[in-house]
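The values are calculated or read from the model by the stated rules, or taken from the named source; none is laboratory data. Model, not experiment: these values are computed from the prediction. All Cβ positions, even for glycine, are placed from backbone atoms using ideal geometry, and neighbour counts span all protein chains on display.
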Amino acid sequence: MSWETVIGLEIHVQLSTDSKLFSGGSTSFGAEPNTHVDLIDLGLPGVLPVANRGAFHKAIRFGLATNAEINQTSTFDRKNYFYPDLPKGYQITQMALPIVGKGSIKIEVDGEEKIINITRAHLEEDAGKSIHDLFDGETGVDLNRAGTPLLEIVSEPEIANAKEAVAYFKAIRQIVTFLDICDGNMAQGSMRCDVNVSVKKSDDTELGTRAEIKNINSFKFIEKAINFEIDRQIRILESGDSVVQETRLYDSVKNETRSMRSKEEANDYRYFPCPDLLPVVISDNELKEIKDNLPELPDEKERRYVEESNLDSSEAKIIASSKTMANMFEGACSKTNDSKLVANWLVGDISALLNKDNIDLQESKLTSDNFALLIERISDKTISGKIAKSVLEEIWETGNDVDAIIESKGLVQIQDESLLEKIAQTIIDDNPSQVEAFKGGKDKLFGFFVGQVMKETQGKANPQSVNEILKRLLS
Amino acid sequence: MSVQYKTIKELKNMLNEKEISYTELIQETFLNIKNNSELNAFITLNEEESLKKANNLDNSPGSGSLNGIPIAQKDLFCTKDLKTTCGSNMLSNFVPPYSATVIENLENAGCISVGKTNMDEFAMGSSNETSFYGNVQNPWGENLVPGGSSGGSAAAIAAGIVPAASGTDTGGSIRQPASLCGISGLKPTYGRISRWGMIAFASSLDQAGPMARTAEDCALLLNEMCSHDEKDTTSIDEAVPDFTENLNSSIKGLKIGLVKEFDLSKLDNNVVKVFEESKKHYESLGAEFIEISLPNISLSVPTYYVVAPAECSSNLSRFDGVKFGKRCDNPKDLEELYIKTRSEGFGDEVKRRILIGSYVLSAGFYDAYYKKAQQVRRLIKNDFDSAFKNVDIIMSPTTRGAAFEVGSKGDDPIQMYLEDLFTIPANLAGLPAMSIPNGMVDSKPIGLQLIGNFLDESRLLQAAHNFQISTDWHLKTPTGNKS
């Protein structure tokens, strides 16, 4: 008997607005506890929420980028439950009429494309944080995060395995960062997800009972939690028991999911329309303006890089898939003409350095100005490609200017043909046996002579000139 | 010179003519408050600050339209640095760090907030008996309730202590106590006055409004209370007219609707008699009466008692002992913190409504109760919309009778809920409505309710003022007719 897994994701994306969803409180991360909290965030008696239009515009961008229906009239509801970090005793969310309706997104797993449908994306306010380990026997509450705007993106249960789930999460992350609506910083909790997993027999038409795994915030943990959960559910089903509908937590230390609360223990959230907020109406003009100013997305960038910059499609895809990579590419290309060379370096040496240090391009010391200059110095033959590598490494360490590095280290390429010829002749003269062997048919020895010239010039010789000169002298 | 029972208009003249200083006015106001302390109309006094403000005005009179006028603020409005209890034990220690927009508006106009008035706990009640701070006495009789929930405000005016008070009206909480205390009170159109800083009971029904001796004074107060407020998205973005402008215009030809479905035959004969006399009086002023039908009006009370508790159950969730207000002693865990804090902090009526509200919103019951109630509410609003195509205002008694005795309805919440039979429909429809004194029943005052069309407060005030310049019911005081 074979089992089939059905997965749906609810991704919480923290929108990068300056102020909160219903107050003027700041949304910046990492401040002293309870310093970014105003009267509204605190839920003081008598305060009222005012919806942040900027958050709506960001949500609409997401909707447009995923070909979704935009509800030009959307409403807010209250989700009632008690928790110390929920100041009002209810969360304001969009239950009945979300700003973004049905849409879809393309994912790719092992070279295969698949469309995942998105049920809805709605705005809601985040809660604060309960801090259990700071005060002995007491719980602290930090409300800095309370009221931060979240876009909750709900997928259809169309994801078949952990790999697809990760690909889906990555695709969402890519789109929200390109749209500039979220910083995509998972370590700071800017993106988190709840995963619904169920297992059924392949020929069953109905879905199995699902478990919801709450609040996972890394690609690795999503994959592990799902795989653990699939195994757990299959084991239960194969032993003849049935899966219980419940909420579970993923413990990354033990790599297991644990029951948090069962369906019976679940809150009755008593949703009802929030009487403090009128429906938010987005005018046709407002919508058009957002549409007209929608940032370019990875697919469009990829196409443009192939068509306008003559990149091959694999290079174009790699560069277009990361916002910082694309920004670096476009930034450098605006200052230098050799876009092919820019792309080669980005996909080759720069990517290698990023992988080695496990950082994102924006965390490196490389600027697009300095990068463009490096490409220029290769193009105008000031330095060879080989020297350029060492210059890049130097930039990586110090962030120093390309020309300053070249000058201080005396790396300018030797272009003087007569000088190169003199050096080549000396090497030929000093190595008669190799010359004889080469002339006798050992073609591979050509590289030996090139290497010797390079060694003599400390790598500064123009390799093309060296090749031509040696060919002539050895013929 | 006594300032007791003086109207705002009279006090303004006295101040302008320097018959009295700002300081003397406030000093005498506090003397009257203390002489009437048995009324229990105030929860918190603001004497020092008030005298300071009066002294400042004596030194340099400002340009506010209500300079130096003492006003009592219902203890439901947040007042910066001044304790705000909402009539509840839960907020017995709550000192807000900010003021409600309506408080700011009134104080910017020069009003001096002399104290915070007693009220039914969280505005839930029609007799002021649910206040944690004890019931308020109606100045018209030791054992009589003043009505509620704005009972402290109404009693303070009826006793002539202050000429003005703020109130709030969710199902009749301005009009019913105004009727029972023999004063004038107006609930404006929903959204006319910002709700920012008003401690919410039922957000879609709550509306602040003025309470005073006369309709004219209500107009003076309303002029300052209204403003479009960006902090309240339900606040109406409409120009605020000068509500005093048309007060003296004749109401000849005014079409007044009488609601067919309000069965007055069930009321006390004397109440009906008073109402009939007022009709005659309006006829003598040139108004004409038209019978109108509001077919769904009988559903108002049940609809209200689904919608209001539902909203209150959610609005009052923030009182959990975590951030402000009361916290129980030594809870053993989080659940006990919630249970003990809320059990000790809330009174029975508040608990009853939280339970009703939680029930009607719960999964499986939402459609049958809350959703249905919202649909009925829409029908009631439509009924009014149709009626106002044919009439300018609608008239009815404000209450089913005059003030009742303390404790007389204590055990039967339904009887108490029916107190608001005539007042609730205007809240459900969001329409302006006011109550003015129009007679006496058993030596107790009783009120006439006028309901207006959307944003048509001016017409209500005009009709009320026309009535008051030709009658003397509003001049009656518990100690006899005002000179």
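Numbers below:
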read-out: Whichever residue in region A:274-289 is outside any loop (DSSP other than H, G, I, E, B) and surrounded by fewer than 19 Cβ atoms within 10 Å (Cβ to Cβ) and, among such residues, is nearest to the other protein chains (Cβ to nearest Cβ); value: A:V281
read-out: Selection count where residues are farther than 21 Å from A:L411 by Cβ, under 48 Å from the mean Cα position of the chain (by Cα) and not in a loop (DSSP other than H, G, I, E, B), scope region A:436-475; value: 6
read-out: Of all residues making up region A:245-273, the number that are in a loop (DSSP other than H, G, I, E, B) and either touching a residue at least 24 places away in the same chain (Cβ under 8 Å) or more than 14 Å from chain B (Cβ to nearest Cβ) (or both); value: 9
read-out: Qualifying residue in region A:419-429 (condition: within 45 Å of the chain's Cα centre (by Cα), surrounded by 15 or more Cβ atoms within 10 Å (Cβ to Cβ) and small (G, A, S)); value: no
read-out: Helices (runs of 4 or more DSSP H) wholly inside region B:306-398 containing at least 2 residues that are within 11 Å of another protein chain (Cβ to nearest Cβ) and touching a strand residue (DSSP E or B) at 6+ places or on another chain (Cβ under 9 Å); value: B:348-361
read-out: Residue in region B:48-70 that is within 21 Å of A:L39 (Cα to Cα) and either among the charged types (D, E, K, R) or in contact with a Cys (Cβ under 7 Å, 6 or more places away or on another chain) (or both) present; value: no
read-out: Residue in region A:26-46 that is within 14 Å of another protein chain (Cβ to nearest Cβ) and more than 24 Å from A:G140 (Cα to Cα) present; value: yes
read-out: Listing of helices (runs of 4 or more DSSP H) fully contained in region B:79-196 that carry 3 or more residues being more than 30 Å from B:N55 (Cα to Cα); value: B:175-181
read-out: Unique residue being surrounded by fewer than 15 Cβ atoms within 10 Å (Cβ to Cβ), more than 14 Å from chain B (Cβ to nearest Cβ) and at positive phi when the list is A:D136, A:D110; value: A:D110
read-out: Count of residues meeting criterion [among the charged types (D, E, K, R) and touching a helix residue (DSSP H, G or I) at 6+ places or on another chain (Cβ under 8 Å)] in region A:112-151; value: 1
read-out: Count of residues meeting criterion [more than 18 Å from B:Q207 (Cβ to Cβ) and modelled with pLDDT under 95] in region B:144-161; value: 0
read-out: Criterion (farther than 28 Å from A:K323 by Cα, away from every other protein chain (no Cβ under 14 Å) and crowded, with 18+ Cβ neighbours inside 10 Å) met by exactly one of A:V166, A:V197, A:V176; value: A:V197
read-out: Region B:324-350, residues that are without any contact (Cβ under 8 Å) to a residue 24 or more places away in the chain and surrounded by fewer than 16 Cβ atoms within 10 Å (Cβ to Cβ); value: B:D329, B:N330, B:P331, B:K332, B:D333, B:E335, B:E336, B:I339, B:S343
read-out: Members of region A:16-29 found to be in a loop (DSSP other than H, G, I, E, B) and either free of Cβ contacts under 8 Å to residues at least 24 places away in the same chain or surrounded by 13 or more Cβ atoms within 10 Å (Cβ to Cβ) (or both), listed by number; value: A:S16, A:T17, A:K20, A:L21, A:F22, A:S23, A:G24, A:G25, A:T27, A:S28, A:F29
read-out: Residues located in region B:195-221, provided they are under 19 Å from B:C181 (Cβ atoms) and more than 14 Å from chain A (Cβ to nearest Cβ); value: B:G209, B:P210, B:M211, B:A212, B:R213, B:T214, B:A215, B:E216, B:D217, B:C218, B:L221
read-out: Positions within region B:94-119 being away from every other protein chain (no Cβ under 14 Å), out of contact with any Leu (no Cβ under 6 Å at 6 or more places or on another chain), in contact (Cβ under 8 Å) with a residue 60 or more places away in the chain and more than 17 Å from B:I157 (Cβ to Cβ), in sequence order; value: B:N105, B:N108
read-out: Single match in A:G147, A:G89, A:G101 (criterion: in contact with a Phe, Trp or Tyr (Cβ under 8 Å, 6 or more places away or on another chain), modelled with pLDDT of 95 or more, small (G, A, S) and surrounded by fewer than 22 Cβ atoms within 10 Å (Cβ to Cβ)); value: A:G89
read-out: Out of B:D58, B:D81, B:D75, sole residue that is in contact with a strand residue (DSSP E or B) (Cβ under 6 Å, 6 or more places away or on another chain) and among the acidic types (D, E); value: B:D75
read-out: Of all residues making up region B:52-80, the number that are within 14 Å of chain A (Cβ to nearest Cβ) and either surrounded by fewer than 17 Cβ atoms within 10 Å (Cβ to Cβ) or among the small types (G, A, S) (or both); value: 1
read-out: Enumerated strands (runs of 3 or more DSSP E) restricted to region A:69-121, each holding at least 3 residues that are within 20 Å of A:Q174 (Cβ to Cβ); value: A:103-109
read-out: Failed item, numbered, when B:F454 is tested on (1) in a loop (DSSP other than H, G, I, E, B); (2) within 23 Å of B:L267 (Cβ to Cβ); (3) at pLDDT 95 or above; value: (2)
read-out: For A:V13: the one exception among (1) modelled with pLDDT of 95 or more; (2) of a type in the set (A, V, I, L, M, F, W, C); (3) surrounded by fewer than 20 Cβ atoms within 10 Å (Cβ to Cβ); value: (3)
read-out: Some residue of region B:403-411 being crowded, with 21+ Cβ neighbours inside 10 Å, within 17 Å of the chain's Cα centre (by Cα) and in a loop (DSSP other than H, G, I, E, B); value: yes
read-out: Contacts under 8 angstrom Cβ, first residue in region A:319-338 being not assigned by TED's automatic domain parsing to the domain that holds A:L366, partner of a type in the set (G, A, S) and in a loop (DSSP other than H, G, I, E, B), 6 or more apart; value: none
read-out: Single condition A:S2 does not satisfy, out of (1) away from chain B (no Cβ under 12 Å); (2) closer than 21 Å to A:L277 by Cβ; (3) not aliphatic (A, V, I, L, M); value: (2)
